[in-house]
C-alpha cells in the first residue's frame, strides 16, 4: 500500500526518484493469538510493483534461519512481465 500511495502522489515514478529499500511487515489481527509483528516476503503483486517502479531497490526478507536478509528485488522476481 505504501508503494502504491507513493506512486499515486508522484513520489516514485519510472525513471524518477526511486525507492532504495523495502520491507513487508505482518501486522496481526486483534483476534489472533500471536500478536507479534514479523518481517515477511512481499506478495507477488508487490514484487511486480517493486520491479516496475524501483527495479534497483533492495528488499528485506526473512532468511533461511529466520533472520532478516537484504536481497535485490530482481532476486525475488527474476523474470518480470514486460510489454
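The values are calculated or read from the model by the stated rules, or taken from the named source; none is laboratory data. Fair warning: this is a prediction, and the values are worked out from it, not measured in the lab. Note that each Cβ is placed from the backbone with ideal geometry, even for glycine, and that neighbours are counted across all protein chains shown.
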Among 33, 54, 45, the single one that is free of Cβ contacts under 8 Å to residues at least 12 places away in the same chain and closer than 17 Å to residue 3 by Cβ is 45
Notebook entry, point to check: Taking the condition surrounded by 14 or more Cβ atoms within 10 Å (Cβ to Cβ), at pLDDT 90 or above, more than 9 Å from the chain's Cα centre (by Cα) and over 19 Å from residue 27 (Cα atoms), does residue 70 pass?
Noted result: no
Reported set for the stretch 12-27 where residues are loosely packed, with under 15 Cβ neighbours inside 10 Å and in a loop (DSSP other than H, G, I, E, B) is 13, 14, 15, 16, 17, 18, 20, 27
### Query
Of the residues that make up the stretch 28-38, is at least one surrounded by 12 or more Cβ atoms within 10 Å (Cβ to Cβ), at pLDDT 90 or above and under 26 Å from residue 8 (Cα atoms)?
no
